[in-house]
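Some notes on the structure that comes next.
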Amino acid sequence: MNHLLSIDDLTAADIREILRITPSFAEVAERRISKVPALRGQTVALLFYEDSTRTRLSFEVAAKRLSADTLNVSVSTSSVNKGESLRDTAETIEAMGIDAVVVRHRSSGVPMQLTKWVDAAVINAGDGWHQHPTQALLDCFTLEQQLGDLTGRNIVIVGDIRHSRVARSDVGAFTRLGAEVTLVAPPTLLPAAPDTWPVRIETNLDRALQRADAVCLLRMQRERQHEALVPDLREYATLYGLTAQRAAALGPDVPILHPGPMNRGVEIAADVPDLDQVLVVDQVRNGVAVRMAVLFLLLGSGAAGMPAPALVDDVETEDAR
Amino acid sequence: MGERERRGAPPYGGTFVSRAVVMDADQIRRAIKRMAHEILESNRGLDDVVIIGLQTGGIEPALHLVEALETIEGSRPPLGSVDVAFHRDDIGLRPVLPEAPTDINVDLHGCTVILVDDVLFTGRTVRAALDALNDFGRPRSVQLAVMVDRGHRELPIRADFVGKNLPTARSEAVRVTMSAVEIGSMQK
């Protein structure tokens with residue numbers, strides 16, 4: 001595999017291997033000179049058709065820490081505004097000589113489509129409601145830092161599941177690592193066929209939180225909601241938001257994740273993000289390291305590409321030749 | 001050379017098959033003790049000396065060297081480790097994966113760094129390690145200690161402290177543990 005399109009393309013062993021090497025990339029950020037030459041001479045294009053701050057910056061920092069060059073295609077100032085098609089844009093930037101494209105698009109399947117048009121490695125940075133695999137990887141890494149092995153842990157994902165590529169990716173990653181996942185949402189924000197997901201469904205947040213080892217909040221994606229799915233945001237915040245009382249009931253040892261950007265006062269009460277157990281900043285920091293690992297595996301670790309080559313235990317002949 | 005160093009599947013990796021034991025545990029222990037004395041002699045003690053093992057094969061020799069230095073001198077120099085994966089010159093030519101995070105907690109500016117590895121062969125790992133050290137400051141000097149120098153250098157790099165000079169054929173492989181140094185070959 002030479003692309004990262006969906007968490008479902010990765011086996012549990014692949015995910016564990018990415019999480020195993022991620023601390024090595026995190027260490028680079030702590031050096032006096034936090035840049036290593038691993039991907040010198042490679043170019044990563046960032047093609048974002050949707051608004052993004054942290055994901056785009058995170059990939060950009062990740063590429064730069066590995067000495068790759070980055071091309072930022074800002075859709076609002078590019079020829080896309082003149083009506084250029086996705087394919088033409090992709091072929092244009094590829095002709096400039098790029099090794100990887102990080103793409104975000106409002107439509108599901110765009111990254112997969114791009115793989116048919118360009119030779120570069122394609123990394124999905126979020127496509128519609130579908131997938132956001134690096135978010136799932138960084139959530140796994142952040143949770144394992146707090147909880148250790150996720151096997152048998154109960155992770156509660158609460159919020160706008162239906163429109164959430166983060167939820168779809170997180171469910172795939174958490175369950176592969178052996179965790180039990182409980183989804184909590186009003187019926188209108190559950191996906192179309194939730195019974196086909198490997199999860200437990202719950203509509204009462206307080207009941208779900210009683211046995212939570214970790215909580216992942218989702219952003220209320222009002223820009224994707226084209227109908228009245230929630231009668232009132234205040235009512236939603238009361239029933240499905242993480243209030244200060246709910247956070248207190250959880251206790252200080254249950255990590256709380258949010259992929260950002262947060263709607264304070266909706267899915268999370270205004271003062272809850274300041275609690276120590278809310279790991280939003282850790283998620284951002286870990287996101288850079290995980291994305292470095294993904295870029296390195298796709299562009300640097302050799303012909304075998306991603307996932308990591310079949311590994312054997314052996315001994316070294318100093319430099320393998 | 002880590003017993004559990006991960007390598008790509010053939011043609012890059014394989015299983016080590018031993019042909020002969022060239023050093024036993026006692027000889028290794030004495031060699032490390034001698035190298036410790038040589039390090040103290042040439043640096044006139046341990047002032048500003050930092051010992052850094054190369055992941056993964058240099059970790060154990062570095063630890064034993066630090067212990068030998070402590071036994072002789074009564075003080076323990078700082079010990080770190082460096083993973084050179086991100087600095088290798090063969091990234092993209094063969095599977096390269098980081099082993100364990102680099103761990104250097106001291107500012108290397110003005111220090112004397114003793115790099116420790118198990119086997120010195122082409123010198124490319126050491127070149128990568130020298131490159132990696134620059135991210136942590138500018139050492140006053142960098143010296144190299146290896147358990148085995150097996151020849152076949154491809155870069156102008158030499159060891160300052162050597163456990164054993166071991167002439168080998170390029171096709172052979174050398175395995176270093178703290179209980180034996182063996183010469184053999186990699187079998188697919």
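Each value in this text was obtained by applying a stated rule to the coordinates, not by laboratory testing. Model, not experiment: these values are computed from the prediction. Note: ideal-geometry Cβ built from the backbone for every residue, glycine included; neighbour counts use all protein chains shown.
Observations on the model:
- GluC sites (Glu not before Pro) restricted to DSSP loop in the range A:168-238 with at most 13 other C-beta within 10 Å: A:Glu227
- Counting, for every residue in B:99-109, the Cβ atoms of other protein chains within 10 Å of its Cβ and taking the mean gives 3.
- Residues in the range A:49-93 reached by a label modelled at A:Ala29 [backbone nitrogen below 15 Å; 7 Å Cα→Cβ]: A:54-66
- Between B:Ile114 and B:Val50, B:Ile51, B:Ile52, B:Gln143, the built amide H atoms are under 5 Å apart, and every one of these is 5 or more places off in sequence or on another chain.
- Dipole-positive endmost among B:Val50, B:Phe86, B:Ser18 within the range B:15-187 (Cβ charges, Cα centre): B:Ser18
- Computed about the Cα centre, the dipole magnitude for the protein assembly as shown is approximately 640 debye when only Lys and Arg (+1) and Asp and Glu (-1) carry charge, each at its Cβ.
- Basic side chains Lys and Arg get +1 at the Cβ, acidic Asp and Glu get -1 at the Cβ, and with that the dipole of the range A:133-280 about its Cα centre reaches some 320 debye.
- Long-range HN-HN contacts of A:Gln42 with modeled amide H, under 5 Å: A:Asp69
- Average partner coverage of A:35-42, which counts Cβ from other chains inside 10 Å: 4
- Cα-based radius of gyration of the range B:15-187 once divided by 2.2 N^0.38 Å, which approximates compact folds: 1.00
- Over the range A:1-141: Rg over Rh, Cα atoms, Kirkwood Rh: 0.96
- Calculated FRET efficiency for the pair B:Asn105/A:Glu235, C-beta based, R₀ 45 Å, to 0.05: 0.30
- For the range A:193-199, the Karplus equation 6.51 cos²θ - 1.76 cosθ + 1.60, evaluated at θ = phi - 60°, returns couplings of 10, x, 5, 8, 8, x, 9 Hz by residue, with Gly and Pro reported as x.
- Cα centroid separation, the range A:115-184 to the range A:43-92 (Å): 23 Å
- Cα gyration tensor shape for the range B:101-180, rounded if a/c is under 1.5, else prolate or oblate: prolate
- Candidate lysines for bridging to A:Lys64, where Cα separation is under 25 Å - those fewer than 8 sequence places away on the same chain excluded: A:Lys35
- The range A:111-241 - Debye-derived log10 I(q)/I(0), Cα point model, q = 0.11, 0.14, 0.17, 0.22 Å⁻¹: -0.41, -0.65, -0.91, -1.34
- Chain A: most fluctuating residue of A:Leu209, A:Leu86, A:Leu295 per GNM, C-alpha cutoff 10 Å: A:Leu86
- Average projection, convex hull of the Cα set of the protein assembly as shown: 26.4 square nanometres.
- Percent of beta bridges antiparallel (DSSP, the protein assembly as shown, rounded to nearest 5): 25 percent
- Averaged over peptide B:81-88, the number of partner chain Cβ atoms lying within 10 Å of each residue's Cβ comes to 4.
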